[in-house]
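Enquirer: Mind having a look at this structure? Questions to follow.
The values are calculated or read from the model by the stated rules, or taken from the named source; none is laboratory data. In this text the structure is predicted, and so the values were computed from the model without any measurement. Please note: Cβ atoms are built from the backbone with ideal geometry, for glycine as well, and neighbour counts cover all protein chains shown. Keep in mind that these areas ignore ligands, DNA and RNA; they rest on the heavy atoms of the full protein, side chains included. Shrake-Rupley method; radii C 1.70, N 1.55, O 1.52, S 1.80 Å.
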Amino acid sequence: MAQAHAKARTRRRESVFGERFSVFAECLLTGVWIAVACLGVVTYPAAFAAGARHLRRRTAHQDGGLREFARDFGTALRGGWIAGLAGWAVAAAVWVDVLAVRAGLPGGPLVGAVGVLAL
């Protein structure tokens, strides 16, 4: 504990611009990691959760890199693929509603209204 305080005191204070730019750069890097993790179509909720955890860790000035992101992604993927599948099911239901309204099917506007209200 005493060593942590000694390191904190001896560490050079970073400028406000440098600190904000480093957070911006970390957000860009995390966005790339999230984009790669989202390549599996159903994994987008887990990727966003891992990215949020990574950025939360970095803004708290804790260490974390690609390995921690991958570990967080694996943890979130255990149940997150179900949320991803549900999200695509909802998107498909909305698309069917839109197609019914565009086709002018009898009851199409009603189906569209009920579909939007169901969300």
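Enquirer: How do Ile82, Ile34 stack up against each other in accessible area, from largest to smallest, with a 1.4 angstrom probe?
Expert: Values: Ile82 95, Ile34 25 Å².
Listed by decreasing accessible area, they come as Ile82, Ile34.
Enquirer: Leu66 accessible area, nearest 10 Å², 1.4 Å probe?
Expert: Using a 1.4 Å probe on the heavy atoms, I get roughly 100 Å².
Enquirer: Return the tail of the calculated pair distribution for the range 32-96, meaning the percent of Cα-Cα pairs more than 20 Å apart.
Expert: Working: 639 of 2080 pairs.
Tail of P(r) above 20 Å: 31 percent of Cα pairs.
Enquirer: Given the protein chains as shown and a 1.4 Å probe, how many square angstrom of Val96 are accessible, to the nearest 10?
Expert: About 90 Å², rounded to the nearest 10.
Enquirer: Taking R0 as 22 Å, what's the FRET efficiency between Arg13 and Asp63 from their Cβ-Cβ distance, rounded to 0.05?
Expert: Efficiency, rounded to the nearest 0.05: 0.65.
Enquirer: Give, in nm to one decimal, the length gained when the segment between Val96 and Phe24 is fully stretched (0.36 nm per residue of separation minus the Cα-Cα distance).
Expert: That works out to 22.0 nm of additional length.
Enquirer: Taking all protein chains together and a probe of 1.4 Å, list Asp72, Asp63 from the most accessible to the least accessible.
Expert: Numbers: Asp72 20, Asp63 135 Å².
Largest to smallest exposure gives the sequence Asp63, Asp72.
Enquirer: Hey, another quick one. Probe radius 1.4 Å, ligands and nucleic acids left out: which of Arg56, Arg67 has the largest accessible area, and how do the rest follow?
Expert: The ordering from most to least exposed comes out as Arg67, Arg56.
Enquirer: Find, among the GluC sites (Glu not before Pro) in the range 8-88, those assigned to loop by DSSP (not H, G, I, E, B) with at most 13 other beta-carbon atoms within 10 angstrom.
Expert: Answer in residue order: Glu14.
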